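A short write-up of the structure that comes next.
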Amino acid sequence: MSSNLTLKQLVKITPVDEKIKKRVIEEEASLTDDQKYRISRICWRLLSLIFKSKLREKREEMFKEMAEGAVEYGQDDFKKLEDEVLADLLIKLDEVKTKKEMAEIKAQVRASIEKEKQEDLSPAKNSQASVSEE
């Protein structure tokens, strides 16, 4: 998870309980590299889950509007939707102040989503699932 955002910045923008944020920020200096990595991974996964959920919700709205005949959306509209949803999410994350930070978060959320897709398709995960079903 290479990112130019510090763990402190990442924790601040992740929508979790304030007590958790405060504890991580206070104890950051004493955390091991492994602990920092795990915390950052959790933050990125949470942000990507929120993004995917909001994207799915917006797509469903668009499909419903199309099914009702209210609006006709093209492929470009669906492509633009991802950027719009991500922009809305970043606006809500009030700690994000610069375009550079926004670009970094956008890239990292996309990378996190791609990594999850690859993990979901990995043969090891699939074979474990089939073993546990037996």
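The values are calculated or read from the model by the stated rules, or taken from the named source; none is laboratory data. Treat the numbers as computed from the prediction; the structure is a model and nothing was measured. Heads up, the Cβs are rebuilt from the backbone with ideal geometry, glycines too, and the neighbour counts pull from every protein chain shown.
Any residue that is in a helix (DSSP H, G or I), of a type in the set (Ser, Thr, Tyr) and at pLDDT below 90 - is there at least one of those in segment 41-61? Steps first, answer last, please.
Narrowing segment 41-61 to residues in a helix (DSSP H, G or I): 41-61.
With the extra rule that they be of a type in the set (Ser, Thr, Tyr), the set shrinks to 48, 53.
Then drop every residue that is not at pLDDT below 90, which leaves 48.
Yes; the residues of segment 41-61 include at least one that is in a helix (DSSP H, G or I), of a type in the set (Ser, Thr, Tyr) and at pLDDT below 90.
Need the failing condition index for Gln35 against (1) surrounded by 14 or more Cβ atoms within 10 Å (Cβ to Cβ); (2) under 14 Å from Ile105 (Cβ atoms); (3) of a type in the set (S, T, N, Q), just the number.
Every condition holds for Gln35 apart from (2).
State whether the residues of segment 37-45 include one that is in contact with a Ser or Thr (Cβ under 9 Å, 6 or more places away or on another chain), touching a residue at least 40 places away in the same chain (Cβ under 8 Å) and not basic (Lys, Arg).
Yes - at least one qualifying residue is present in segment 37-45.
Only one residue in Lys80, Lys19 is free of Cβ contacts under 8 Å to residues at least 12 places away in the same chain, loosely packed, with under 11 Cβ neighbours inside 10 Å, at negative phi and not small (Gly, Ala, Ser), so which one is that?
Lys19
Considering each of Lys97, Lys19, Lys64, Lys12 in turn, give the residue that is modelled with pLDDT under 90 and more than 21 Å from Ile113 (Cα to Cα).
Numbers: Lys19 fails: modelled with pLDDT under 90; Lys64 fails: modelled with pLDDT under 90; Lys12 fails: more than 21 Å from Ile113 (Cα to Cα).
Only one candidate passes the filter, namely Lys97.
Tell me, yes or no, whether segment 76-83 has at least one residue that is modelled with pLDDT of 90 or more and farther than 24 Å from Glu116 by Cα.
yes
Check whether at least one residue in segment 55-63 is surrounded by 13 or more Cβ atoms within 10 Å (Cβ to Cβ) and in contact with a Phe, Trp or Tyr (Cβ under 6 Å, 6 or more places away or on another chain), and report yes or no.
Looking through segment 55-63, at least one residue is surrounded by 13 or more Cβ atoms within 10 Å (Cβ to Cβ) and in contact with a Phe, Trp or Tyr (Cβ under 6 Å, 6 or more places away or on another chain).
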